[in-house]
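To start, the structure itself, in C-alpha cells.
The values are calculated or read from the model by the stated rules, or taken from the named source; none is laboratory data. Small disclaimer: the values here were computed from a predicted structure and weren't measured. Please note: Cβ atoms are built from the backbone with ideal geometry, for glycine as well, and neighbour counts cover all protein chains shown. The area values use the complete protein model at the heavy-atom level, side chains included, leaving out ligands, DNA and RNA. Shrake-Rupley method; radii C 1.70, N 1.55, O 1.52, S 1.80 Å.
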Amino acid sequence: MKKILVILDGIVAKNLMQRIVETNTGENYYDIIYVNDAIVPEQKLSNFTFYKFDPTSKSKLAMVLDKNIHYEVLIVLNSKDDMLSVISNIKSHKHNLQMNILDYWNLELEDPYVNVYKGIEVLANGMVERLPNIPVIAQNIGLKHGEIMEIRIPFGSSYAYRYIGSIEQKDWRIFALYRNEKLQDLKPSSILKPNDIILVIGEPKVLMQVYSAIGKTRGQFPMPFGHNIYLYLDLFLMKKSRIEKAVYEAKHLNTKLKNTKLVIRITRPTTVGIMDMIKSKFKDDDNVIIETDYHNLGFRRIKKMDFKKFDIGMIMLTGEMFKIKEISTELMELKIPLFKLGREPVGATKNTLILLNDTNSYEQISPIVFDVSSQLKTKTKVFDIDPIGEEDKSKLLDHFENLSKIFSQKIEVVSCEKNPIRELRKEENILQILPLKKSMFHKRFSWSFLYTNSDLLSFDMAKYNQLLIPVIED
C-alpha cells in the first residue's frame with residue numbers, strides 16, 4: 001500500500017477529487033489537503049484522510065509530511081505563487097519526494113523530482129482529438145475499452161530487473177518501452193528497470209490484472225515467470241528417502257508461495273509403493289497435478305510437452321538432478337527460477353540469505369529476495385564479506401536497504417573480511433538465493449580452493465536449500 005499526498009484547490013480540484021474516488025482500487029492510502037469544503041466528496045472511504053488548512057503553511061504541511069512516509073505528491077492549485085510556495089516547502093522538508101503538478105503558468109522548473117503537466121496543452125490536445133482526420137492518443141484507439149495501457153514500473157515491483165523474455169505474457173503483450181523519456185529497442189533480453197514506462201496491449205480485464213501485479217511490491221513470486229510450481233522426479237535415480245523429502249518440501253512450498261498449482265512430473269517410476277506414497281500425499285487436493293512418464297522420454301521431450309501445457313513459474317529439483325548433463329543443459333534455456341533442494345528442511349527456514357558477489361546479478365535478483373522472504377515469513381540476511389576488498393559494494397547495499405523499506409522488511413547486514421564460504425557454513429536453517437549462471441553447470445576441478453567465485457562455491461554445497469534466479473549476464 002502506497003501513501004499518496006494530494007494538495008487541492010481551485011476550479012479543477014473538485015472534479016479531480018471525484019475522479020480519484022471513482023478510480024480508487026484500495027491499493028493506495030490518500031492524505032488530502034484542501035481549503036474549500038466543496039472539494040470533499042460525499043462518499044467517505046476508509047483509505048482517505050482529509051486535512052483542511054492553507055497548504056502554503058510550512059508548519060502545518062510539515063506536520064502531515066512527518067506523520068506518514070509518502071510515495072509521491074499530487075498538487076493542483078489555483079495560484080502560481082501558492083504552487084511555488086508549496087513546492088518550496090516540500091523540497092525544504094523532503095528534498096527527494098516525487099511531485100506531480102498541474103501547471104497553467106508555464107513554470108520554469110528544472111527539477112528531476114517535479115513532474116510538470118501543462119494544463120493548457122492537455123486541454124488543447126483533448127480538443128484537437130475531436131477534429132476529423134487527426135490521429136488520437138492511446139486511450140481512444142481500437143475498441144476504446146482500455147485495450148492499450150501505459151504502466152510505470154515501480155521500485156520493488158517483482159517485474160523490476162526482469163528481462164522481457166522471462167515474463168509470461170498470455171492474452172497481453174509489451175510492445176513499447178520508454179526509459180528517461182526515450183523509446184528503447186524492444187528485445188527479449190531487454191531488462192525492465194524501476195521508473196521505466198511500458199505500453200501494453202491485450203484484453204482490458206487482463207491488463208487490469210497485469211497493472212495490479214506490476215504495482216504490487218510483495219507476494220507475487222513465482223510471477224512474473226509463471227503461475228505454477230513444477231517438481232521433477234526421476235525415481236530411477238533417487239533413493240526412497242530423497243523422494244519422500246522432495247514431495248514433502250514441494251507440498252510445504254505449495255502452501256506458502258502464491259502459485260496456482262503444484263505440478264509433479266514423475267519419470268521412470270520404479271515401484272508401485274512409491275507411486276502410491278506420492279499420490280496419497282495429495283489425495284483430494286485439486287491444486288496438485290501428477291503426471292507420469294512410463295516411456296523414458298527424457299527431460300528434453302518432457303520439458304517441451306509440459307511447458308506448453310502448464311504455466312510453469314519455478315522448477316524444484318534435487319541435487320542429483322543437476323549432475324545429469326541432459327537436464328543441466330536444458331535448465332539454462334528455460335529462463336525460470338530453479339529451487340535446488342538441500343539437506344535442511346524447507347519448513348525450518350528462518351532466514352533468506354544473500355552472499356553478495358557481482359553488482360549486476362544481485363541487483364537483478366533483489367526484488368525476488370524480498371518477495372520470497374515476505375511469503376515465507378523469514379528474515380533477510382545479507383553477507384557483505386570480501387576478504388580481498390576488490391569491489392566496493394556500498395551502492396549495492398544501499399539498493400538492498402532501499403528495497404527493504406519498500407517491502408517494509410528489516411534486513412541484517414553482516415560485513416567483515418573473513419572467508420565468505422567459511423562464514424556461510426556456520427549458518428543454519430537458511431534459504432540461499434543466488435543468480436542462475438551458466439558457469440554453475442560447467443565441469444569443475446575437485447579442488448575447491450582453486451575457485452574464488454562465491455556463487456560457484458555456494459552452488460556446490462548440498463546442505464542448504466537454494467533458489468536460483470535467472471539473470472542477464474554481461
Per the filter on segment 84-111, residues touching a strand residue (DSSP E or B) at 6+ places or on another chain (Cβ under 7 Å) and within 23 Å of M17 (Cβ to Cβ) are V86, I87, I90, L97, Q98, M99, N100, I101, L102, D103, L107
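So which of T329, T352 is touching a residue at least 24 places away in the same chain (Cβ under 8 Å) and either surrounded by 20 or more Cβ atoms within 10 Å (Cβ to Cβ) or within 18 Å of the chain's Cα centre (by Cα) (or both)?
Values: T329 fails: either surrounded by 20 or more Cβ atoms within 10 Å (Cβ to Cβ) or within 18 Å of the chain's Cα centre (by Cα) (or both).
Criteria check complete, one pass: T352.
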Quick check: anything in segment 58-66 out of contact with any Asp or Glu (no Cβ under 9 Å at 6 or more places or on another chain), part of a loop (DSSP other than H, G, I, E, B) and open to solvent by 50 Å² or more (accessible area, probe 1.4 Å)?
no
Return the residues of segment 89-147 that are β-branched (V, I, T), farther than 22 Å from L5 by Cβ and at pLDDT 70 or above; say none if nothing qualifies.
I120
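Residues checked against (1) surrounded by fewer than 19 Cβ atoms within 10 Å (Cβ to Cβ); (2) in contact with a Phe, Trp or Tyr (Cβ under 9 Å, 6 or more places away or on another chain); (3) among the basic types (K, R):
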| residue | (1), (2), (3) |
| --- | --- |
| E150 | yes, yes, no |
| I153 | no, yes, no |
| Y163 | yes, no, no |
| I201 | yes, yes, no |
| I214 | no, yes, no |
| Y248 | yes, no, no |
| K258 | yes, yes, yes |
Residue count for segment 86-125, restricted to those that are within 34 Å of the chain's Cα centre (by Cα), surrounded by fewer than 15 Cβ atoms within 10 Å (Cβ to Cβ) and in a helix (DSSP H, G or I):
4
